[in-house]
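Okay, structure first, notes after.
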Ligand SMILES: [Zn+2]
């Protein structure tokens, strides 16, 4: 059945299903919301539902749906940003692609009921391309549904946005990302690592699938980092130097590691201010974070936060890694104290 593959987006799916039932499908949609939450997939599923050959749309894989899935349906068009190249620094949708599309939309559907054109990442259209597309929206071709997807609708021409029915997609809860990861990832990953990955994905499936090993490894170090925040002191300089030396070698994992450190410091400050565990980036570590939050004054946590950010900046440049880490930890030692 169309839309079955879209998880965690009940509201958009309900709106689309209803409009198909009531035959009030719009000639232009704007699906907007974070990266990797199912906007493009929903556009493809809508194209399938509008052309499905099975009565009632309870499709089990008819010819039309299969062709759309394989991108060989003559009435289905998908325009995506061209990849970054040596000459253009940003992925873009150029005017030529929009003109090509317009030519194809002049004709009646070839074998389906409705032509569907999806412009994925519509904010990558350059101004000329966007203005050209505007003409199509002003005089929509018959039997055609146009779907724009965008992460940030404010980057689109307001005249474009105003001619589309907007449908908002939200971040996905970690449980849903976990379900998708379990299905999509082929390698065997320990359940606690999968959970960590789902939590680190910020509600985006594409981010969860792309999440690199360094980031996962950094996530596994959170408890060590917490010990460091709570326990670092001038009495334990040997630990400071050992830590700096170990991590200085892991160049690629260093930025993710410092990000985790920032996340923990942020959480400690939240616990300190709000006295509770809501809005945390690391809710699973609440019981370990509480005692650290108790002994660290808020100004110290904020100073540490600034120091980590400064170190991140230095390391993004050409700073000596081990020296930068040692300096960071010495600053940590200086900011310790009782609340
Ligand atoms: Zn079908």
Seminar exercise, completed: When the range 1-24 is checked residue by residue, the ones that are away from the ligand (no atom under 16 Å from the Cβ), closer than 12 Å to residue 165 by Cα and touching a strand residue (DSSP E or B) at 6+ places or on another chain (Cβ under 9 Å) are 12, 15, 19
Exercise. Regarding residue 81, is this residue in contact with a helix residue (DSSP H, G or I) (Cβ under 6 Å, 6 or more places away or on another chain), over 26 Å from residue 38 (Cα atoms) and assigned by TED's automatic domain parsing to the domain that holds residue 166?
Worked result: no
For this session: Consider residue 35 carefully, then state whether it is free of Cβ contacts under 8 Å to residues at least 60 places away in the same chain and under 28 Å from the mean Cα position of the chain (by Cα).
Result: no
Exercise. Scanning for something in a helix (DSSP H, G or I), in the same structural domain as residue 148 (by TED's automatic domain parsing), buried (at least 18 other Cβ atoms within 10 Å of the Cβ) and more than 16 Å from the ligand (Cβ to nearest atom), does the range 28-41 turn up at least one residue?
Worked result: yes
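Give 257, 325, 286 a once-over and let me know the one that is surrounded by 14 or more Cβ atoms within 10 Å (Cβ to Cβ) and free of Cβ contacts under 8 Å to residues at least 24 places away in the same chain.
On the way: 257 fails: free of Cβ contacts under 8 Å to residues at least 24 places away in the same chain; 325 fails: free of Cβ contacts under 8 Å to residues at least 24 places away in the same chain.
Sole residue among the options that is surrounded by 14 or more Cβ atoms within 10 Å (Cβ to Cβ) and free of Cβ contacts under 8 Å to residues at least 24 places away in the same chain: 286.
Condition test on residue 186, is it at positive phi and not in a helix (DSSP H, G or I)? If you could, list the steps in order and put the result at the bottom.
Working: at positive phi: no; not in a helix (DSSP H, G or I): yes.
For residue 186, the condition - at positive phi and not in a helix (DSSP H, G or I) - is not met.
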For this session: Write out, first by first residue and then by second, each pair whose Cβ atoms fall under 6 Å of each other, whose residues are 6+ apart or on separate chains, and whose first residue, in the range 109-136, is closer than 15 Å to residue 82 by Cβ while the second is part of a helix (DSSP H, G or I).
Result: 120/40; 123/155; 128/95; 129/95; 129/98
For this session: Please find, among 176, 189, 205, the residue that is surrounded by 13 or more Cβ atoms within 10 Å (Cβ to Cβ) and touching a helix residue (DSSP H, G or I) at 6+ places or on another chain (Cβ under 6 Å).
Result: 205
Exercise. Can residue 83 be described as surrounded by fewer than 19 Cβ atoms within 10 Å (Cβ to Cβ), more than 16 Å from the ligand (Cβ to nearest atom) and under 28 Å from residue 157 (Cβ atoms)?
Worked result: yes
For this session: Could you please find all residues in the range 42-74 being more than 8 Å from the ligand (Cβ to nearest atom) and either part of a loop (DSSP other than H, G, I, E, B) or not assigned by TED's automatic domain parsing to the domain that holds residue 150 (or both)?
Result: 58, 70, 71, 72, 73, 74
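The values are calculated or read from the model by the stated rules, or taken from the named source; none is laboratory data. Everything quoted here is computed from the prediction, not taken from an experiment. We place every Cβ from the backbone using ideal geometry, glycine too, and count neighbours over all the protein chains shown.
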